[in-house]
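Engineer: Have a look at this one.
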Amino acid sequence: MPFDLSARLAERRAADLYRQRPLLQSPQGPRVVVDGQPLLAFCSNDYLGLANHPDVIKAWREGAERWGIGGGASHLVVGHSSPHHALEEALAEFTGRPRALLFSTGYMANLGAVTALVGQGDSVLQDRLNHASLLDAGLLSGARFSRYLHNDAASLETRLAKAVGNTLVVTDGVFSMDGDLAELPQLAAVARAKGAWLLVDDAHGFGALGATGGGIVEHFGLGMDDVQVLVGTLGKGFGTAGAFVAGSEELIETLVQFARPYIYTTSQPPALACATLRSLQLLRSEHWRREHLASLIAQFRHGAAQLGLTLMDSFTPIQPILVGDAGRALHLSQLLRERGVLVTAIRPPTVPAGSARLRVTLSAAHSSAQVQQLLDALAECYPLLGAEHV
Ligand SMILES: *Cc1c(COP(=O)(O)O)cnc(C)c1O
């Protein structure tokens, strides 16, 4: 029998690695209903609380009235409509780059950008903790693929010395499962010295980092000479869906000509671009969201440290609690859920073996009282977990 799927599924279950999809029965927000249970949630990537914002909903509704629902065709045929174009221009202005190109998802933006830039005879160097979409893109490109030690410019330099052809260095901006920031100034300097290009996927930085939400490049004050290829996604801080690549005129034209996940897919609904245009305005102008978020992050880290929890080196809204064993992570998540708090356990292969964690994420939509509720629930649950394993 060629496909023994049941054995494969049983094996995953036995290793505490079986995945299940919680059924969300409410809009996104701090208070959700999941599988029939009202819960206080700390696991979405809606960092600024824009996913259910009335102005964004209104822009979507008005966009649908004016432009209909379906994109109808790919961008190169007849699917590139005025709202897509206006959003690209706004994203270029926002990122301070000549042009931006809209993709349907971040996964596709990464596949498209990497495979359009490098191929056989070239090199792609990636941080070993990069997002799966970047790693997949590197493998698919056919370029020589190598991983450097996490956030380690010296390790990158060693690998760059052996690189051949056009060389692309690829990193997350904010690492999605750890919450730490790429050491971009050092990585950029090392890449530049070797004539390599740097691609930064700042899915978790846009909106949350930088004075106006411009993400990690705004945080470090880096321009296009340092980061030639800047990727952002729209389903996280922006609260909508889709993604973009920003860079030079030539880069964007190259993607339009050669990025297959751009070319061979239907454009996103134009009304979605209308909604994102509105969320971009809110993200840039409502500084109180970033300020409130920063105070919640400080509150959480202070409280968690007092409880003796192991946090990671992060000042971003991603605040994982390291647990180690996948079974223990699942159990802690379950204990919290029994107390009305939802935090997802993240297990291998999403994170390295032995580093299972509860990935707490904070949002500007949370209140300080809600963060206290999370800390209180952790104070009750964490000792139960310890006792069980003595
Ligand atoms: C979420 C994420 C993506 C994928 O973006 P989607 O728009 O959800 O497909 C890509 N890169 C990183 C670092 C991410 O966290």
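The values are calculated or read from the model by the stated rules, or taken from the named source; none is laboratory data. In this text, all values refer to a predicted model and were calculated from it rather than measured experimentally. Neighbour counts are summed over all protein chains in view; Cβ atoms, including those assigned to glycine, are modelled from backbone coordinates with ideal geometry.
Engineer: For Asp122, all conditions in the list (1) buried (at least 20 other Cβ atoms within 10 Å of the Cβ); (2) charged (D, E, K, R); (3) in contact with a Gly (Cβ under 7 Å, 6 or more places away or on another chain) hold save one; what is the number of the exception?
Structural biologist: (1)
Engineer: Would you confirm whether any residue within the range 171-181 is in contact with a Phe, Trp or Tyr (Cβ under 7 Å, 6 or more places away or on another chain) and either surrounded by fewer than 24 Cβ atoms within 10 Å (Cβ to Cβ) or in contact (Cβ under 8 Å) with a residue 60 or more places away in the chain (or both)? Break it down into steps so the answer makes sense when it comes.
Structural biologist: Step one: list which residues in the range 171-181 are in contact with a Phe, Trp or Tyr (Cβ under 7 Å, 6 or more places away or on another chain), which gives none.
Looking for residues that are in contact with a Phe, Trp or Tyr (Cβ under 7 Å, 6 or more places away or on another chain) and either surrounded by fewer than 24 Cβ atoms within 10 Å (Cβ to Cβ) or in contact (Cβ under 8 Å) with a residue 60 or more places away in the chain (or both), one finds none in the range 171-181, hence no.
Engineer: Another one. Restricted to the range 338-373, and to residues that are in a helix (DSSP H, G or I) and in contact with a Leu (Cβ under 7 Å, 6 or more places away or on another chain), which residue is surrounded by the most Cβ atoms within 10 Å (Cβ to Cβ)?
Structural biologist: It comes out as Val371.
Engineer: Another question, then. Out of curiosity, is Pro83 over 23 Å from the mean Cα position of the chain (by Cα) and buried (at least 20 other Cβ atoms within 10 Å of the Cβ)?
Structural biologist: Answer is yes for this residue.
Engineer: For the range 240-263, which positions are over 18 Å from Thr105 (Cβ atoms) and aromatic (Phe, Trp, Tyr)?
Structural biologist: Phe258
Engineer: Considering only residues of the range 232-278 that are part of a helix (DSSP H, G or I) and among the small types (Gly, Ala, Ser), which is farthest from the ligand (Cβ to nearest atom)?
Structural biologist: This residue is Ala271.
Engineer: Do we have Val343 as in contact with a helix residue (DSSP H, G or I) (Cβ under 8 Å, 6 or more places away or on another chain), modelled with pLDDT of 95 or more and either over 30 Å from Leu91 (Cβ atoms) or not polar (S, T, N, Q) (or both) here?
Structural biologist: Considered against the rule, which asks whether it is in contact with a helix residue (DSSP H, G or I) (Cβ under 8 Å, 6 or more places away or on another chain), modelled with pLDDT of 95 or more and either over 30 Å from Leu91 (Cβ atoms) or not polar (S, T, N, Q) (or both), Val343 comes out as yes.
Engineer: Whether any residue in the range 67-76 is in contact (Cβ under 8 Å) with a residue 60 or more places away in the chain and assigned by TED's automatic domain parsing to the domain that holds Leu374 is what I want to check.
Structural biologist: Quick first cut of the range 67-76, residues in contact (Cβ under 8 Å) with a residue 60 or more places away in the chain only: 67-76.
Of the ones still in play, those that are also assigned by TED's automatic domain parsing to the domain that holds Leu374 are none.
The answer is no, given that none of the residues of the range 67-76 is in contact (Cβ under 8 Å) with a residue 60 or more places away in the chain and assigned by TED's automatic domain parsing to the domain that holds Leu374.
Engineer: Which of the residues that make up the range 310-332 are buried (at least 20 other Cβ atoms within 10 Å of the Cβ) and farther than 26 Å from Gly207 by Cβ?
Structural biologist: Across the range 310-332, the qualifying residues are Val323, Ala326, Ala329, Leu332.
Engineer: Same structure, new question: Within the bounds of the range 279-289, is there any residue that is within 15 Å of the ligand (Cβ to nearest atom) and modelled with pLDDT of 95 or more?
Structural biologist: yes
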